[in-house]
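The values are calculated or read from the model by the stated rules, or taken from the named source; none is laboratory data. Quick caveat, the model's predicted, so the values are computed rather than measured. We place every Cβ from the backbone using ideal geometry, glycine too, and count neighbours over all the protein chains shown. To get the accessible areas, we keep the full protein, side chains included, count just its heavy atoms, and leave off ligands, DNA and RNA. Shrake-Rupley method; radii C 1.70, N 1.55, O 1.52, S 1.80 Å.
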Amino acid sequence: MNKKEIVDLINTSLKNLKFSDDKIGEAMRYTLIDDGAKRLRPLLFLLTFQMFNNSVIESVNYALAIELIHNYSLVHDDLECMDNDDYRRGKLTVHKKYGEDIAILVGDALLNYSFEVLTQSIKNDIDAKSANYIVSKSGCFGMIRGQLLDIDSDISENNIVEIYDKKTCNLLKASTVSAGILSKVDQDTISKLENYAFNLGMAFQIIDDIMDYENDLKINKKTYVTIFGKDKGIEDANKYSQKAINCIKDIDNSQPLIELTNNLLDRKY
């Protein structure tokens, strides 16, 4: 399957999920169902799985669980007590449309739904190991640790890479490494997939920072690019992208992931 076919599969599968017939279900669909979303994390999972397998259909639930985790984190990140964002993907954030109380419950519901979807696919120890990796990279030692550092520390050149690694790269690692575990690849390949996801995540986040640079300067927000400068940000985004490609270029069938990496780098500064 090509990238578009995989994204279409993800979007169709998300629409086929069952939601409660109430305000929580309505708000879950509001934040989750969006044909224009990048679906980077489930796409990464399925492209990685496809490198080692003939079909991705059997693994779709893992990809959906990762996307549910990602969306719960966005709903909570947007809250007034966190990033206080009014819009996401061109429409009102959940707490602006439904209220803060509903938004908190929606984030909780999306996270719990990810576990429900994930556990439906666990049939053996390999499945369990893959699922455990996803959960561990999302929790208090992973993505949430990064969120804590982001809001509760003095962000500087000394800790910005650690924050991005935890907050952004960890869910990308969950996407690539869990697919590798599920495909029963060797430890050397697992390490390559993990290093690929780290470097991709750093490049992805730095490019986001470059795109938001002028506004971040106005509000005195500390990011990789406001700390090190725009020129170094562009240089390092290119370096991290190339490192990501170098991690996987020797793996058979890695070209779709390499193309994805280059496409992310080519986003407009």
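Listing for the model above:
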item: Filter result (surrounded by 16 or more Cβ atoms within 10 Å (Cβ to Cβ) and assigned to a helix (DSSP H, G or I)) within region 218-233; result: TYR224, VAL225, THR226, PHE228, GLY233
item: Criterion (farther than 19 Å from ASP83 by Cβ, open to solvent by 30 Å² or more (accessible area, probe 1.4 Å) and in a helix (DSSP H, G or I)) met by exactly one of ASN246, ASN199, ASN215, ASN253; result: ASN246
item: Failed item, numbered, when VAL135 is tested on (1) open to solvent by less than 40 Å² (accessible area, probe 1.4 Å); (2) free of Cβ contacts under 8 Å to residues at least 40 places away in the same chain; (3) under 19 Å from the mean Cα position of the chain (by Cα); result: (1)
item: Within region 146-187, considering residues that are basic (Lys, Arg) and surrounded by 18 or more Cβ atoms within 10 Å (Cβ to Cβ), the one farthest from ASP83 (Cα to Cα); result: LYS173
item: Residue match in region 84-95 (condition: out of contact with any strand residue (DSSP E or B) (no Cβ under 7 Å at 6 or more places or on another chain), part of a helix (DSSP H, G or I) and farther than 23 Å from ASN170 by Cα); result: yes
item: Flag if ILE69 is more than 19 Å from ASN11 (Cα to Cα), open to solvent by less than 70 Å² (accessible area, probe 1.4 Å) and of a type in the set (A, V, I, L, M); result: no
item: Filter result (open to solvent by 70 Å² or more (accessible area, probe 1.4 Å) and either β-branched (Val, Ile, Thr) or under 17 Å from PRO256 (Cα atoms) (or both)) within region 9-51; result: THR12, LYS38
item: Selected residue [outside any loop (DSSP other than H, G, I, E, B) and modelled with pLDDT under 95] from LEU149, LEU118; result: LEU149
item: Subset of region 68-104 that is among the polar types (S, T, N, Q) and on the phi < 0 side of the Ramachandran plot - its residue that is farthest from the chain's Cα centre (by Cα); result: THR93
item: Test: LYS166 is under 29 Å from GLY25 (Cβ atoms), of a type in the set (D, E, K, R) and under 14 Å from the mean Cα position of the chain (by Cα); result: no
item: Scan of region 145-160 for residues that are without any contact (Cβ under 8 Å) to a residue 12 or more places away in the chain and within 18 Å of the chain's Cα centre (by Cα), ordered by number; result: LEU148
item: First in region 234-245 and closer than 15 Å to THR223 by Cβ, second anywhere and at pLDDT 95 or above and among the aromatic types (Phe, Trp, Tyr), Cβ under 8 Å, 6 or more apart; result: ASP236/TYR224; ASP236/PHE228
item: Residues of region 79-110 satisfying the condition of being open to solvent by 80 Å² or more (accessible area, probe 1.4 Å) and acidic (Asp, Glu); result: GLU80, GLU100, ASP101
item: Residues within region 134-159 that are over 27 Å from VAL177 (Cα atoms) and in contact with a Phe, Trp or Tyr (Cβ under 8 Å, 6 or more places away or on another chain), tallied; result: 1
item: Unique match (being β-branched (Val, Ile, Thr) and open to solvent by less than 60 Å² (accessible area, probe 1.4 Å)) among ILE6, ILE57; result: ILE6
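Each row is one residue, and each column tells you yes or no for (1) in contact (Cβ under 8 Å) with a residue 40 or more places away in the chain; (2) in contact with a Pro (Cβ under 7 Å, 6 or more places away or on another chain); (3) of a type in the set (S, T, N, Q); (4) in a helix (DSSP H, G or I).
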site	(1), (2), (3), (4)
MET1	yes, no, no, no
ASN11	no, no, yes, yes
LEU14	yes, no, no, yes
PHE19	no, no, no, no
ASP34	yes, no, no, no
PRO42	yes, no, no, yes
MET51	yes, no, no, yes
SER59	yes, no, yes, yes
